[in-house]
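Take a look at the structure set out below.
Computed from the coordinates by the stated procedures, all read-outs in this text should not be read as laboratory data. Just so it is clear, the structure is predicted and the values come from calculations on it, not from any experiment. Glycine gets a Cβ as well: all are built from the backbone with ideal geometry, and neighbour counts include every protein chain shown.
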């Protein structure tokens, strides 16, 4: 299913229970055969601080190439999301709608796929060290890429990308990852890779 297809999905088919989940704490994402979304939370004005636990097994009747589909949104409060997985088979498609809110999102260190993002972006040391090299930023999905991970974030606020470490099953160790950035040749963030020498050329 393409990015445009996901963007136009009707929320009316979402399981009613999913719309009444808590906006705080930990939630397990489960396959819902008859729903457009495997996880759907519209928190209105509530702040969101969630850890979304992806399944470590394929559910009964779940297609082999199915990506766990998740939608999280609110109108005017900060959003914090941790996407947690310890099994590579659980690919996912996550959409976050935040209006003008700031968004902080932890993505698995084995993330591979596309990220579409509005707003002002920033990247943590861990994200740059382990995730960024496998990200296609603001590229359209299609063809072979439909089986990879995908994140779509729509907000006029700030978006901070951080890493959720699949080996330790915890958020990145800030001091450890920052130390790696200082004393190794890790990949630079997109904002720092601009070739400013073109200004000197005729």
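Given R0 = 35 Å, the distance between the Cβ atoms of residue 118 and residue 30 translates into a calculated FRET efficiency of 0.75.
By other beta-carbon atoms within 10 Å, ranking 172, 148, 139 with the fewest at the front produces 139, 148, 172.
Between residue 174 and residue 138, the modelled labels are 2.8 nm apart [label points 7 Å from Cα along Cα→Cβ]. Remark: the residue 167-residue 57 segment gains 37.9 nm on full extension, using 0.36 nm per residue and subtracting the alpha carbon distance.
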